[in-house]
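Note sheet for the following structure.
The values are calculated or read from the model by the stated rules, or taken from the named source; none is laboratory data. No experiment lies behind these values; they were computed from the predicted model shown. Note: ideal-geometry Cβ built from the backbone for every residue, glycine included; neighbour counts use all protein chains shown.
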Amino acid sequence: TPSSSDVQLTEEAVRRYLIRKPMTTKDLLKKFQTKRTGLSSEQTVNVLAQILKRLNPERKNINDKMHFYLTE
Amino acid sequence: SSSEADEMAAALEAELHDFM
């Protein structure tokens with residue numbers, strides 16, 4: 001069956017974003033909007049949480065907001 | 001909507017509580 005999703009929430013996709021620049025949880029959620037991935041809100045939250053725990057990115061505060069980032 | 005985004009961000013941060 002054809003999928004309408006044009007974005008996939010994968011560890012590799014998250015890694016690429018976090019190497020490019022530090023992002024908040026909200027920034028990441030914006031990259032993987034449910035209407036683009038076809039996932040539910042709950043699935044998105046659960047999968048993204050698992051991926052972030054596995055990637056264990058560095059953290060820093062920018063403008064009082066926690067940002068995640070990775071270095072290559 | 002932005003309120004849904006806020007809710008999702010809050011849920012994600014709760015999931016990551018120990019980690020963050």
Filtering chain B for residues that are facing chain A (nearest Cβ under 7 Å) and closer than 13 Å to A:Asn46 by Cα leaves a count of 7
Taking region A:58-72 and keeping residues of a type in the set (Asp, Glu) and not in a strand (DSSP E or B) leaves A:Asp64, A:Glu72
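Conditions (1) touching a residue at least 12 places away in the same chain (Cβ under 8 Å); (2) more than 14 Å from every other protein chain (Cβ to nearest Cβ); (3) in contact with a Leu (Cβ under 8 Å, 6 or more places away or on another chain), marked per residue:
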{"position": "A:Arg15", "(1), (2), (3)": "yes, yes, yes"}
{"position": "A:Lys26", "(1), (2), (3)": "no, no, no"}
{"position": "A:Thr37", "(1), (2), (3)": "yes, no, yes"}
{"position": "A:Gln43", "(1), (2), (3)": "no, no, no"}
{"position": "A:Pro57", "(1), (2), (3)": "yes, no, yes"}
{"position": "A:Ile62", "(1), (2), (3)": "yes, yes, no"}
{"position": "A:Leu70", "(1), (2), (3)": "yes, yes, yes"}
When (1) part of a helix (DSSP H, G or I); (2) under 12 Å from the mean Cα position of the chain (by Cα); (3) modelled with pLDDT under 95 are applied to A:Lys35, the one that fails is (2)
